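Below is one structure, written out as structure tokens; the observations come after it.
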Amino acid sequence: MKKIYAAPDLLSAGHVHNLLGQSGIESELRNYYLGGGIGDLPVNECWPEIWVDDADAAHAEEVVRELQEALAEPPGPSWICPQCDERNEGQFGECWRCGTLRPEGTNSP
Ligand SMILES: [Zn+2]
């Protein structure tokens with residue numbers, strides 16, 4: 001077994017665990033009993049960890065890397081709705097006000 005990921009919170013660990021499952025990789029979630037017995041241990045030794053078989057490690061690390069890249073991606077520039085002139089933040093694919101889809105390649109002026 002090999003540890004491929006340690007998360008600061010259980011939610012992230014669970015997400016990676018599910019994602020690996022969707023990619024056909026069996027993984028083991030360890031240290032998910034956060035909250036009890038942290039006491040004297042360094043905090044990062046209590047983080048939830050994802051472990052996989054050695055044979056799956058390379059593939060699993062790739063899945064984790066892709067996830068981290070997706071999370072780190074900036075939301076993009078804000079854009080102006082052609083329908084109602086409302087300014088929308090870059091992460092929205094449609095106008096929050098009127099629901100018009102974001103036109104391709106639209107940036108703020
Ligand atoms: Zn609009």
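Laboratory data are not the source of any read-out in this text; all were calculated from the coordinates shown. What you see is a predicted model, and the numbers here were worked out from it, not measured in a lab. Reconstructed Cβ throughout: ideal geometry from the backbone, glycine too, with neighbour counts over all protein chains shown.
Quick notes on this structure:
- Residues satisfying the stated conditions in the range 84-106, i.e. more than 10 Å from the ligand (Cβ to nearest atom) and on the phi > 0 side of the Ramachandran plot: 105
- Residues that are away from the ligand (no atom under 16 Å from the Cβ), touching a residue at least 12 places away in the same chain (Cβ under 8 Å) and closer than 30 Å to residue 99 by Cα, drawn from the range 51-83: 67, 74, 75, 76, 77
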